[in-house]
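This report refers to the structure that appears directly beneath it.
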Amino acid sequence: MRRLQKVLLLSVVLLMVSAGVVAAQTGYETPFTSAITYQNVSNSTANVVFSFYNEKSGTAINVSRQLPANAGSSLGVGSLTGDEALPANFKGSAVMSSDQPIVATLVQIPQPTTGVVKNRPLSNGFSQGSPAVLLATVLKNQFSTTSRFSIQNAADGNVDITLKFYRAGVTTPAATLTETNIPAGAAKHYDAGTIVDLGASFDGSAVVEAVRSGTTTAANIVGTVLELQTNNVGVRAFEGVPSTAAANTVYMATALCGLAGTNTAYAVQNTSSSQSANVTVIYSNGGTQQAPISAGGKASFGTCNATGVASGFSGAATITSVGAPIVVIGKVGGAGRYTAFLGETSGSAKLALPYVRWSNTKYDTGQYQRAAIAIQNIGGAAAANVKVRYLNKNGDEVGVHTIASIASGAKANSNATMAGSTLALTEFGNPEANPGGGFGGSAIIEGPAGSQLIAVVRISSSTTGGVVAEDYNGIQIP
């Protein structure tokens, strides 16, 4: 569960100077430059400071911005100049501080932008850390995919970390790594493809624990994973899960089987080192599938493999475990989609979506993106009159999509054009629609008091090779 605070941690911030970069042919070979999409969820102007830290550096480069009430904007780290500029080939992290509540989604833009890799990995900022973080999937030369990931210090002093890698179904670590003296706010980056102790290939997960440097006192960290295809152009990202967030019931806001060629699969990790988990996936149409997962193990549940799910299905899912608690990563594949999102353990009556776009005129040409929003009601009763409020870069409400009712366990969809047909919505978040030009658009989902909603946003881009897409989770507003 990700709740907003006035400090946010961004564990993967990258800057690759694109001049002279040769276009990569696979996701794993591709360098990225980061953009931070951020949203002010208060009714007052926010004064925001971005503090950037190179890998394992305690020296910050600070960048200040103002953001109007309810507004959404974007900071491209490659566009920073003068005293704000980051060094070439920066690989680090960032801490966002604000005098008002803010949320953020990190966008990784492949370099060069003219290359064959077009998808943009998405991950959310963290409002707090935990002493142990679970990376539910770590791959090395497995399924033609290799993981890169970063662990950021969320404490107020240096920390030491221990990483334990577990092969699927094996309860003893395949490899153990340590790193000492990571400064506050800074991160350590890893490439599973270069970790010798993982062998020629690896399919499993990792548990990362932190202590204050030179002590046994637990300290907070956060983590983010990039999954990169080694034989194709797929790239995606997802967040590490605090060990305390593992649960016996997990909700997935989207489930697909054969819908326009796309399918979902759920990577379920048993977080216990001693107890098995008997896992059941129940789809919103009543379809089911079951499997046991041994202690420390991982299993994949493909939606099209479920009993009672037919091709063309679009809905949601609830995953339960009898025995050990679990964490779940949802993934969408097929028809160019290569996405990842987290399973949720709770919902909220109000959700923030920092990165929302739509274009009727420049989507097909590949210039702009489209956001499709999936909203699941995980409460016990129907949620009536759920509103999706679309806000431009200045925080002005330009349209509202009202969903009459979402049944318990069910899913509903939204996009900007479902709120109206004005230019402010048909080109939402883009310079043509924003007063004074520039990019920036966000949304707020509001349900009735006490309702329990979760959401996944799919950002799609049209390319000469077809549509590519990536997901991020809606962020709870208390």
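The values are calculated or read from the model by the stated rules, or taken from the named source; none is laboratory data. Because the structure is a prediction, the values reported are computed rather than measured. All Cβ positions, glycine included, derive from the backbone under ideal geometry; neighbour counts span all protein chains shown. For accessibility, only protein heavy atoms count, side chains too; no ligands or nucleic acids. Shrake-Rupley method; radii C 1.70, N 1.55, O 1.52, S 1.80 Å.
Of the strands (runs of 3 or more DSSP E) contained entirely in the stretch 94-182, those carrying at least 1 residues that are open to solvent by 10 Å² or more (accessible area, probe 1.4 Å) fall at 102-110, 132-140, 145-153, 159-167, 175-182.
Suppose the filter is among the aliphatic types (A, V, I, L, M), buried (at least 20 other Cβ atoms within 10 Å of the Cβ) and closer than 26 Å to residue 38 by Cα; does residue 187 pass it? So residue 187 passes the test. From the list 57, 74, 127, 98, the one residue that fits, being under 26 Å from residue 192 (Cα atoms), polar (S, T, N, Q) and out of contact with any helix residue (DSSP H, G or I) (no Cβ under 6 Å at 6 or more places or on another chain), is 57. The residue list 159, 170, 211 contains one member that is farther than 26 Å from residue 94 by Cα and more than 23 Å from the chain's Cα centre (by Cα), which is 170.
Checked against the criterion of being of a type outside the set (A, V, I, L, M) and out of contact with any Lys or Arg (no Cβ under 8 Å at 6 or more places or on another chain), the candidates 474, 441 yield just one match: 474. When you scan the stretch 270-288, do you find a residue that is part of a strand (DSSP E or B), touching a strand residue (DSSP E or B) at 6+ places or on another chain (Cβ under 9 Å) and without any contact (Cβ under 8 Å) to a residue 24 or more places away in the chain, even just one? Yes, because at least one residue in the stretch 270-288 is part of a strand (DSSP E or B), touching a strand residue (DSSP E or B) at 6+ places or on another chain (Cβ under 9 Å) and without any contact (Cβ under 8 Å) to a residue 24 or more places away in the chain. Among strands (runs of 3 or more DSSP E) entirely within the stretch 199-260, having at least 2 residues that are on the phi < 0 side of the Ramachandran plot and open to solvent by 30 Å² or more (accessible area, probe 1.4 Å) singles out 202-212, 249-257. Sub-7 Å Cβ pairs linking a first residue in the stretch 197-212 that is more than 18 Å from residue 239 (Cβ to Cβ) to a second residue that is in a helix (DSSP H, G or I) and open to solvent by less than 40 Å² (accessible area, probe 1.4 Å), at least 6 apart or interchain, are 198/192; 202/192, ordered by first then second residue. Using the structure shown, decide if residue 201 is among the hydroxyl-bearing types (Ser, Thr, Tyr) and either closer than 25 Å to residue 273 by Cα or touching a helix residue (DSSP H, G or I) at 6+ places or on another chain (Cβ under 7 Å) (or both). The answer is yes for residue 201.
Have a look at 236, 212, 167 and point out the one that is charged (D, E, K, R), touching a Gly at 6+ places or on another chain (Cβ under 8 Å) and modelled with pLDDT of 95 or more. Just one listed residue meets the conditions, 212.
So that you can scan it fast, the table gives a plain yes or no per residue for (1) among the polar types (S, T, N, Q); (2) over 20 Å from residue 271 (Cβ atoms):
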position: 184; (1), (2): no, yes
position: 187; (1), (2): no, yes
position: 208; (1), (2): no, no
position: 220; (1), (2): yes, no
position: 228; (1), (2): no, yes
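Report, ordered by the first and then the second residue, all pairs with beta carbons closer than 6 Å, sequence separation of six or more or different chains, a first member in the stretch 47-74 that is free of Cβ contacts under 8 Å to residues at least 40 places away in the same chain and within 18 Å of residue 34 (Cα to Cα), and a second member that is open to solvent by less than 30 Å² (accessible area, probe 1.4 Å) and of a type in the set (Val, Ile, Thr). Between residues of the stretch 47-74 that are free of Cβ contacts under 8 Å to residues at least 40 places away in the same chain and within 18 Å of residue 34 (Cα to Cα) and residues that are open to solvent by less than 30 Å² (accessible area, probe 1.4 Å) and of a type in the set (Val, Ile, Thr), the close pairs are 65/48.
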